[in-house]
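As structure tokens, the structure follows; a few thoughts come after it.
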Amino acid sequence: MTRIIAGYAGSRRIAVPRSGTRPTSDRVREAVFSALEARDVLPGSTVLDLYAGSGALGLEAASRGAATVILVEKNPAAAKVCRENARLLQQGAPKPAPRIDVQASSVSSYLGASSDRGIVDIVFIDPPYELGDDELAQNLDALVGQLSPDAVVVVERSARSPQPTLPEGLELDRRKDYGETTLWWISPV
């Protein structure tokens with residue numbers, strides 16, 4: 001089990017899939033959300049949580065004021081856990097409750113699907129560490145046209161992973177290491 005750190009659902013426990021995921025540590029989540037709150041981008045935002053696992057990053061954003069959260073997870077068992085966690089979070093939500101949508105899909109399929117999904121303000125990309133650099137680069141490339149001008153993209157990788165290859169339209173803001181975890185902060189140009 002893990003927990004939501006702050007916001008209306010602060011201290012609420014959420015389930016974690018039994019296998020196949022690597023939840024973001026509380027320490028790293030606290031750092032991410034402290035930085036996002038300092039940028040004042042959470043209230044009313046649309047958040048995309050790719051490779052969602054338990055949905056902890058996206059659900060933390062919902063608890064702290066995001067208006068819409070989309071959790072994308074292809075593993076059926078993990079997507080089921082995301083749905084259950086989202087339902088629990090929405091039960092105690094203030095009105096209007098955030099919209100939380102779970103997409104049981106691969107990230108590449110979700111990003112490649114043509115629809116009028118709208119623009120996103122915050123993107124969390126926390127893929128399995130074994131995800132290849134080329135696939136991560138393709139994900140970032142697919143995001144370029146879907147980001148608001150002030151969007152924030154946070155990529156979580158192993159500290160041994162190289163810097164993500166950024167497509168035209170995105171630039172690196174900063175890198176921050178937390179033990180074996182590295183966060184890459186990326187924004188539109």
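The values are calculated or read from the model by the stated rules, or taken from the named source; none is laboratory data. Keep in mind the model is a prediction, meaning the values are calculated, not measured. Every residue, glycine as well, gets a Cβ built from its backbone with ideal geometry; the counts of neighbours run over all protein chains shown. Keep in mind that these areas ignore ligands, DNA and RNA; they rest on the heavy atoms of the full protein, side chains included. Shrake-Rupley method; radii C 1.70, N 1.55, O 1.52, S 1.80 Å.
Determine whether region 171-186 contains at least one residue that is open to solvent by less than 50 Å² (accessible area, probe 1.4 Å), over 22 Å from E30 (Cα atoms) and either of a type in the set (A, V, I, L, M) or touching a Ser or Thr at 6+ places or on another chain (Cβ under 8 Å) (or both).
no
Only one residue in N139, N75 is modelled with pLDDT under 95, surrounded by 15 or more Cβ atoms within 10 Å (Cβ to Cβ) and over 14 Å from the mean Cα position of the chain (by Cα), so which one is that?
Only one candidate qualifies: N75.
Is it the case, given these coordinates, that V155 is under 22 Å from A56 (Cβ atoms) and among the β-branched types (V, I, T)?
yes
Restricting to region 142-170, name every residue that is among the acidic types (D, E) and either surrounded by 12 or more Cβ atoms within 10 Å (Cβ to Cβ) or in a strand (DSSP E or B) (or both).
D150, E156 - these are the residues of region 142-170 that are among the acidic types (D, E) and either surrounded by 12 or more Cβ atoms within 10 Å (Cβ to Cβ) or in a strand (DSSP E or B) (or both).
Just give me the residues in region 77-119 being in a loop (DSSP other than H, G, I, E, B) and among the basic types (K, R), in sequence order.
Those that are in a loop (DSSP other than H, G, I, E, B) and among the basic types (K, R): K95, R117.
If a residue must be open to solvent by 20 Å² or more (accessible area, probe 1.4 Å) and not polar (S, T, N, Q), how many such residues does region 61-72 contain?
3
Within region 114-126, which residues are crowded, with 21+ Cβ neighbours inside 10 Å and under 20 Å from G7 (Cβ atoms)?
Listed by number, the residues that qualify are D121, I122, V123, F124, D126.
Can you name the condition, by its number, that G58 falls short on among (1) over 21 Å from E130 (Cβ atoms); (2) within 13 Å of the chain's Cα centre (by Cα); (3) open to solvent by 40 Å² or more (accessible area, probe 1.4 Å)?
Every listed condition holds for G58 apart from (3).
Scan region 84-92 and give yes if some residue there is farther than 23 Å from L36 by Cα and in contact with a Ser or Thr (Cβ under 8 Å, 6 or more places away or on another chain), otherwise no.
no
Going through region 171-189 one residue at a time, which ones are part of a strand (DSSP E or B) and free of Cβ contacts under 8 Å to residues at least 24 places away in the same chain?
Answer for region 171-189, where residues must be part of a strand (DSSP E or B) and free of Cβ contacts under 8 Å to residues at least 24 places away in the same chain: E171, L172, D173, R174, R175, D177.
Checking the structure you have, find out if any residue of region 34-46 is in contact (Cβ under 8 Å) with a residue 40 or more places away in the chain, farther than 18 Å from L183 by Cβ, among the hydroxyl-bearing types (S, T, Y) and open to solvent by 20 Å² or more (accessible area, probe 1.4 Å).
Checked against the condition, which is being in contact (Cβ under 8 Å) with a residue 40 or more places away in the chain, farther than 18 Å from L183 by Cβ, among the hydroxyl-bearing types (S, T, Y) and open to solvent by 20 Å² or more (accessible area, probe 1.4 Å), region 34-46 yields at least one hit.
Give region 78-107 a look and list any residue that's among the polar types (S, T, N, Q) and either under 19 Å from S11 (Cα atoms) or open to solvent by less than 30 Å² (accessible area, probe 1.4 Å) (or both), or say none.
N85, Q90, Q91, S105
Residue-by-condition table, conditions (1) over 30 Å from L89 (Cα atoms); (2) at pLDDT 95 or above; (3) open to solvent by less than 70 Å² (accessible area, probe 1.4 Å):
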{"site": "G112", "(1), (2), (3)": "no, no, yes"}
{"site": "P128", "(1), (2), (3)": "no, no, yes"}
{"site": "E135", "(1), (2), (3)": "yes, no, no"}
{"site": "P188", "(1), (2), (3)": "yes, yes, yes"}
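Quick one: in region 15-33, of everything that is under 12 Å from the mean Cα position of the chain (by Cα) and not in a loop (DSSP other than H, G, I, E, B), which residue is surrounded by the fewest Cβ atoms within 10 Å (Cβ to Cβ)?
Looking at residues that are under 12 Å from the mean Cα position of the chain (by Cα) and not in a loop (DSSP other than H, G, I, E, B), I get F33.
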